[in-house]
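Presented below is the structure to which this report refers.
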Amino acid sequence: MDTAVFMNSAIWHFVVLPLLICCARITDVSIGTVRIMLVAKSYRLLASVIGFFEALLWLLVTVQIIQHLTAPIYFIAYALGFALGNYVGIGLEHKLAMGSVLIRVITRREATALVEQLRNQKYIVTCLDAEDNDGAAKVFFTVVKRRQIPPALKIIKEFNPHAFYTVEDMTYVQKPQPMRTVPHDRIGFKRK
């Protein structure tokens, strides 16, 4: 089949092109979601490069939509791509797990063994005595790379399944000493 004939066929206009629009929009919005999260974490150069490709993809998709304003299937493909792109983008950002977080733990139980275990695993832990409405409590903090959240929380839950904890994103961390990390390059991607 000739390319020109195929591109004028119903299969092209009602199946292939809507799928291409949807896939391009998923890619565009996924990239945009990751870019926004990179901007929030102050990765200026990487966010700018990603923004270039995001805008380029958006332009290519929008041109196709404008050229086919009479076909509602393109609008549906565009909207579906947008919705799925948000979902995929958030999942992608979680997989990349860039940046650092603060884990804050508040417990009423004795925390010495827990703190020692975290320190034995090379986490930097700061402990404070505290008081809440019910009396004495312990508060401790540790700053970890986002990839290290699951192992840190596993240790915390093993020692005190009822401990109250929060995990907060950090925009900037000045490290006085090395944190427990997976090797990364300068912009935060995991090195092989």
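The values are calculated or read from the model by the stated rules, or taken from the named source; none is laboratory data. Please read these numbers as outputs of a predicted model, since none were measured by experiment. Note: ideal-geometry Cβ built from the backbone for every residue, glycine included; neighbour counts use all protein chains shown.
When region 137-161 is filtered for residues that are over 12 Å from Ile106 (Cα atoms), in contact with a Lys or Arg (Cβ under 9 Å, 6 or more places away or on another chain) and aliphatic (A, V, I, L, M), the ones remaining, listed by number, are Val143, Val144, Ala152.
Scanning region 6-19 turns up one or more residues that are under 15 Å from Leu84 (Cβ atoms), part of a helix (DSSP H, G or I) and not hydroxyl-bearing (Ser, Thr, Tyr). With a requirement of 3 or more residues that are surrounded by 14 or more Cβ atoms within 10 Å (Cβ to Cβ), of a type in the set (Lys, Arg) and under 32 Å from the mean Cα position of the chain (by Cα), none of the strands (runs of 3 or more DSSP E) lying completely within region 95-147 satisfies it.
With respect to being closer than 30 Å to Leu92 by Cα and either outside the structural domain of Val39 (by TED's automatic domain parsing) or of a type in the set (Val, Ile, Thr) (or both), Val139 falls outside the description.
In region 154-172, of all residues being under 18 Å from the mean Cα position of the chain (by Cα) and hydrophobic (A, V, I, L, M, F, W, C), the one that is modelled with the lowest pLDDT corresponds to Met170. Only a single criterion out of (1) under 30 Å from Arg146 (Cα atoms); (2) surrounded by 17 or more Cβ atoms within 10 Å (Cβ to Cβ) is not satisfied by Ile21, namely (1). Name the residues in region 20-61 that are farther than 19 Å from Leu80 by Cα, in a helix (DSSP H, G or I) and among the small types (Gly, Ala, Ser), would you? Once the filter is applied, which keeps residues that are farther than 19 Å from Leu80 by Cα, in a helix (DSSP H, G or I) and among the small types (Gly, Ala, Ser), region 20-61 yields Ala40, Ala47, Ser48, Gly51.
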